[in-house]
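Right, one structure below, let's go through it.
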Amino acid sequence: QVQLVESGGGLVQPGGSLRLSCAASGFPFSFYGMNWYRQAPGNERELVAVISFAGSTNYADSVRGRFTISRDNTKNTVYLQMSSLKPEDTAVYYCNIKKGQTDYWGKGTLVTVSS
């Protein structure tokens, strides 16, 4: 079965950096695009970054130039490198794949940006 396990969240000061990881299993990782979403308190879940199976990437306007998504197919892991963090980046960050008609989600990792 598909499993997605996020890690790397925590408390960071404004302007700081964090790297999130998502370890995937239960499907042929290298054949699937991977996505990072986030959900702040009281807000809807929003798409942050995507990486195709071939490695092409795209970002939400709010994070473009500050966040970088990457993947390591040898480790079945997708990463989100976050820099120049702002308080408005505070959210639970989720890893996601779309397999057929089904969305699969991890349990998320909390990122708090605060001084």
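The values are calculated or read from the model by the stated rules, or taken from the named source; none is laboratory data. Since the structure is predicted, the reported quantities are computational estimates derived from the model, not experimental observations. Heads up, the Cβs are rebuilt from the backbone with ideal geometry, glycines too, and the neighbour counts pull from every protein chain shown. These accessible areas exclude ligands, DNA and RNA; they are computed on the full protein's heavy atoms, side chains included. Shrake-Rupley method; radii C 1.70, N 1.55, O 1.52, S 1.80 Å.
For the reader, a short list of remarks on this structure follows.
- Rolling a 1.4 angstrom probe over the protein heavy atoms with all chains in place gives the chain an accessible area of 54 Å² per residue.
- Estimated distance in nm for a label pair at Ser115 and Val2, the labels positioned 7 Å out from Cα along Cα-to-Cβ: 4.1
- Spatial offset of region 72-87 relative to region 91-115 amounts to 12 Å, using the alpha carbon center of each.
- Summary value for the chain: 36 percent relative contact order, contacts being C-alpha pairs under 8 angstrom separated by 6+ residues.
- Distance (nanometres) between label positions extended 7 Å along Cα→Cβ at Lys107 and Gln81: 2.9
- With DNA, RNA and ligands ignored, accessible area of Arg45 (1.4 Å probe; Å², nearest 10): 90
- Here the label points at Ala60 and Ala23, each 7 Å from Cα along the C-beta direction, are separated by 2.7 nm in the simple model.
- 3J(HN,Hα) along region 81-96, derived from phi through the Karplus expression 6.51 cos²θ - 1.76 cosθ + 1.60 where θ = phi - 60°, amounts to 8, 10, 10, 6, 5, 10, x, 6, 7, 4, 4, 8, 9, 10, 8, 8 Hz, with x in place of Gly and Pro.
- Residues whose placed amide H lies under 5 Å from that of Lys86, excluding near-sequence neighbours: Gly15
- Backbone phi angles across region 29-34, fed through the Karplus curve with coefficients 6.51, -1.76 and 1.60 (θ = phi - 60°), yield HN-Hα couplings of 3, 5, 9, 10, x, 10 Hz in residue order; Gly and Pro are listed as x.
- Nearby lysines by direct alpha-carbon distance to Lys99 (threshold 19 angstrom, same-chain neighbours under 8 apart not counted): Lys107
- Rounded percent of accessible protein surface that carbon and sulfur make up, the chain, 1.4 Å probe: 48
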